[in-house]
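Visitor: Below you will find the structure I want to go over with you.
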Amino acid sequence: MTLAPTRELMDAAAAGGTGIGAFNVIHLETAEALVAAAELAGLPVILQISENCSNFHGGLEPVALASLALAQAASVPVALHLDHAEDEQLALRAIDLGFGSVMYDGAHLSYDENVAATRRVTEYAHRANVYVEAELGKVGGKDGAHAPGVRTDPEEAVAFVAATGVDALAVAVGSSHAMTSRSASLDTDLIAILHAALDVPLVLHGSSGASDEQIVAAISAGMTKINVSTHLNGFFTAAIREYLTANPSVVDSRKYVAAGRKAITGEAARLLELFALLPGTTGTRD
């Protein structure tokens with residue numbers, strides 16, 4: 001396999017009525033774990049690198065080039081996505097580096113400015129056949145649209161997609177970023193309305209805060225791309241804590257980081273299988 005275009009993975013999931021996992025890369029070990037999870041499950045995955053991750057590593061190229069190399073060597077389709085880029089230039093750099101998709105986040109701008117900036121990124125991306133995701137307002141956990149009680153307006157969503165030309169839309173349906181408890185209540189009725197109103201796939205941000213049952217219901221209602229980060233980070237951190245407690249004299253960081261990597265692999269593979277269930281079925285895929 002080689003690096004997969006995000007468009008192909010999204011189109012296949014949307015056509016099949018299933019979900020696809022989009023999991024955030026924090027560092028090399030996370031990327032390795034996520035690719036291993038996809039290979040274990042025998043399913044595609046979207047690796048996401050956020051603007052925050054780029055800043056942490058001192059630039060996009062180090063973590064992006066490593067992730068691209070892992071994707072190109074994978075035995076299953078792996079796409080690379082830029083997540084929550086508020087910097088237009090960062091989005092353009094990701095396109096030039098070979099990312100399959102970018103999410104330009106203009107939520108900090110006024111509606112008209114958001115439309116204009118998103119349109120600029122979309123036009124540049126489409127010239128390179130790169131897929132574009134956007135969202136309306138700020139996602140919960142960032143003082144905005146995915147905070148409890150805030151919802152995407154279907155009419156505004158239709159107008160936004162038409163004005164920007166984006167390929168996928170993150171919508172506010174009750175989830176919130178960086179939740180460490182899986183207690184969010186997703187508005188599946190609204191998801192179904194948005195799915196019927198829009199001709200682009202829907203994206204669920206803040207999925208770490210939703211239970212398995214809520215996510216499956218959201219996919220059945222029309223959600224396609226399922227973003228997960230904090231939930232998997234919790235598995236990584238818990239495994240390292242457990243290893244260091246059991247091995248207090250260890251000084252080789254590879255030993256405890258390997259435990260974290262293994263923990264992510266198992267849980268990410270489980271989630272990929274969960275998201276890929278056909279509507280109305282239970283258990284794992286055949």
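Visitor: Could we say that Thr2 is touching a Phe, Trp or Tyr at 6+ places or on another chain (Cβ under 7 Å), on the phi < 0 side of the Ramachandran plot and either surrounded by fewer than 23 Cβ atoms within 10 Å (Cβ to Cβ) or of a type in the set (Val, Ile, Thr) (or both) here?
Guide: In short, no.
Visitor: Further, regarding this structure: Determine the pairs where a residue that is free of Cβ contacts under 8 Å to residues at least 12 places away in the same chain and acidic (Asp, Glu), located within segment 77-95, has a partner that is surrounded by fewer than 22 Cβ atoms within 10 Å (Cβ to Cβ) and in a strand (DSSP E or B) with Cβ atoms under 8 Å apart, the partner being 6 or more residues away or on another chain.
Guide: Correct list of pairs: empty, since none qualify.
Visitor: Looking only at segment 89-115, which residues are assigned to a helix (DSSP H, G or I) and at pLDDT 95 or above?
Guide: Gln89, Leu90, Ala91, Leu92, Arg93, Ala94, Ile95, Asp96, Leu97
Visitor: Could you tell me whether segment 51-69 includes any residue that is closer than 28 Å to Gly106 by Cα and touching a Phe, Trp or Tyr at 6+ places or on another chain (Cβ under 6 Å)?
Guide: Within segment 51-69 (the criterion being closer than 28 Å to Gly106 by Cα and touching a Phe, Trp or Tyr at 6+ places or on another chain (Cβ under 6 Å)), the answer is no, since none of the residues qualifies.
Visitor: Can you pull out the residues in segment 241-259 that are outside any loop (DSSP other than H, G, I, E, B) and exposed (fewer than 14 other Cβ atoms within 10 Å of the Cβ)?
Guide: Listed by number, the residues that qualify are Arg241, Thr245, Ala246, Ser253, Arg254, Lys255.
Visitor: Right, another one. Can you name the residue in segment 208-240 that is out of contact with any Phe, Trp or Tyr (no Cβ under 9 Å at 6 or more places or on another chain) and more than 18 Å from Ile191 (Cβ to Cβ) and, of all such residues, is surrounded by the most Cβ atoms within 10 Å (Cβ to Cβ)?
Guide: Phe236
The values are calculated or read from the model by the stated rules, or taken from the named source; none is laboratory data. This is a predicted model, so every value here is computed, not measured. Don't worry about glycine lacking a Cβ; one is built from the backbone with ideal geometry, like all the others, and counts go over all protein chains shown.
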